Amino acid sequence: MNELPPTLVAVVFAAFGLVIGSFLNVCIYRLPLKQSIVWPASRCAKCQRELAWYENVPVAAWLALGGKCRTCKSRISAMYPVVELVTGALFAGACLLYGVTPLAFVRIAFGCAMIVLFVIDLQHRILPNVITVTGIPIGFALSLFLPPGWRESLLGLVLGGGVLWAIGEAYYRLRGIDGLGMGDVKMLAMIGAFLGWRLTLVTLIFASFSGALAGAAVLATGRGGMKAALPFGTFLAVGAGVAAVAGDQIFTWYLSLYR
């Protein structure tokens with residue numbers, strides 16, 4: 001495939017990414033319910049009818065059905081095609097950034113995990129251990145052979161988990177309420193294992209800044225008070241995506257401000 005035009009390879013990756021995005025939708029729906037992600041076959045969440053193969057075609061099936069179940073006419077969330085499209089873009093982007101290399105596939109797997117965590121935390125305010133806790137040793141093991149390297153990875157997972165834990169503990173002692181869940185701590189430790197300590201700092205800064213803006217917007221619009229719970233894992237997922245693509249440049253630029 002290296003002999004093919006990069007754009008054509010990216011298109012092939014994007015098509016495969018759409019299919020994987022359909023599987024991620026299964027994970028997003030079933031993991032919070034503690035259901036198997038491989039069995040039974042996909043079915044309508046309302047009437048429980050098993051879907052035909054053509055109803056599982058990414059994006060196109062949702063459009064053809066008008067965003068409704070063919071049988072019971074219940075609405076199918078637009079989140080389904082959005083996840084598929086974002087996953088397709090992830091696959092294509094990784095291909096263009098890293099080529100058809102082992103690092104590209106690692107970044108794709110990491111990105112898929114971030115997509116699932118983003119949506120689940122947004123919808124349910126939980127971050128499944130099956131992704132975060134499992135991802136920590138996987139990210140570190142891969143760093144033995146690929147960037148960021150095992151030292152950066154080890155520092156990243158310790159720094160990521162440690163910093164958030166310390167912030168959450170300090171908030172609890174000052175306010176008497178939990179400001180961060182352990183899910184966020186484990187998620188940032190996983191991010192650190194995959195990206196290293198530098199990109200983990202970029203992730204945390206970006207997530208904190210965007211979370212603060214979202215919190216201010218909630219207060220300004222009167223949709224919540226000071227104790228309104230925001231899904232910080234969602235912001236961490238976006239921050240990790242930004243860090244994976246442009247974190248090195250952001251980190252270098254930030255350091256240049258102090259030289």
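Computed from the coordinates by the stated procedures, all read-outs in this text should not be read as laboratory data. All figures in this text were calculated on a predicted structure; none of them were measured in a lab. Don't worry about glycine lacking a Cβ; one is built from the backbone with ideal geometry, like all the others, and counts go over all protein chains shown.
Computed values, structure above
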read-out	value
Compactness of the chain, expressed as Rg and Dmax over alpha-carbon positions, Å	19.6, 64
Theoretical gain in end-to-end length, VAL245 to TRP150 [0.36 nm per residue, Cα-Cα removed]	32.2 nm
Nitroxide proxy distance, nm - points 7 Å out along Cα→Cβ at CYS47 and ALA15	3.2
Signed unit charges on C-beta, dipole axis of the chain, positive-most listed residue ALA220, GLY168, ALA94	ALA220
Cα-derived Rg over Rh, computed across region 1-154 with Rh taken as Kirkwood radius	1.01
Length added when fully stretched, ALA217-TYR254, from 0.36 nm per residue minus Cα-Cα	10.7 nm
C-alpha center-to-center spacing [region 79-129, region 1-38] in angstrom	8
Helical segments meeting 24 Å axial Cα length and Kyte-Doolittle -0.5 threshold in the chain (DSSP H)	6-30, 79-98, 102-124, 150-175, 197-220, 232-256
